[in-house]
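Taking it in order: structure first as structure tokens, then the write-up.
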């Protein structure tokens, strides 16, 4: 028998984010590409871009939502998946 299982499918459903959360973003204009980059410093690797500042803001918001989305987790049978509340 396989000693791992997909926690996303077998564990009780986890709550989605139900309160508004604020994240800092860093916007920079790149004159060479004539576009804006957007980075969320609190979420490593979470970045996006857009042709305008407004588009970059929209795109980084979407990137943050995707970054925080629940995903499948491979766990050993003796592992326990739990939640922790912040704030």
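The values are calculated or read from the model by the stated rules, or taken from the named source; none is laboratory data. Keep in mind that this is a model prediction, so the values were computed, not measured. Cβ coordinates were reconstructed from backbone atoms using ideal geometry, including for glycine residues, and neighbour counts include every protein chain displayed.
Of the strands (runs of 3 or more DSSP E) lying entirely inside the chain, the ones with 3 or more residues being modelled with pLDDT of 85 or more are found at 26-30, 35-39, 47-50, 74-76. Checking 26, 39 one by one, the residue that is in contact with a helix residue (DSSP H, G or I) (Cβ under 8 Å, 6 or more places away or on another chain) and surrounded by 10 or more Cβ atoms within 10 Å (Cβ to Cβ) is 39 and no other.
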